[in-house]
Amino acid sequence: MGAVTYDEGKWPLLRVVMPGAINDAELDAHHSKLSQYIHRGQMMGMVVDSRQMPPLTPEARKRTSEFIKTHSNVAKDNVAAIGLVHASAIQTHVLTAILWIVKPPVLIKVFNNVDSAEEWVNEKLSARKV
């Protein structure tokens, strides 16, 4: 499989690049790492680049859903926004539709390029720092 990479070079903007494939143990490790960032108690924003990653399996979606539920209260306080970057226009539209229906605890928007995602997250991050 592959490793998730985390880039804090533009902190408080965290860039996360998802690998081309991820198994359950790697996904759990990723969730653990995200939890550490979220629990720092510092306002942050994230750009998650999933362009190389195929859609999650049903089990991985369940694990991710549980992670979101468990961390939603602290994320509301510490995460200004998350920009999700996907290569597939279909996947982008599906995720956008889901986000209209399900109200996540943090502002989330789907993009097809990293630059646009970073710009949007930085705007939201600046607004939350006021």
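Bear in mind that the values in this text are calculations on the coordinates, not laboratory data. None of these values were measured; they are calculated from a predicted model.
The table below gives the values:
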{"read-out": "Placed amide H near Leu13: partners under 5 Å, 5+ positions off or other chain", "value": "Gly45"}
{"read-out": "Prolate/oblate/rounded call for the chain, Cα gyration tensor, a/c under 1.5 rounded", "value": "rounded"}
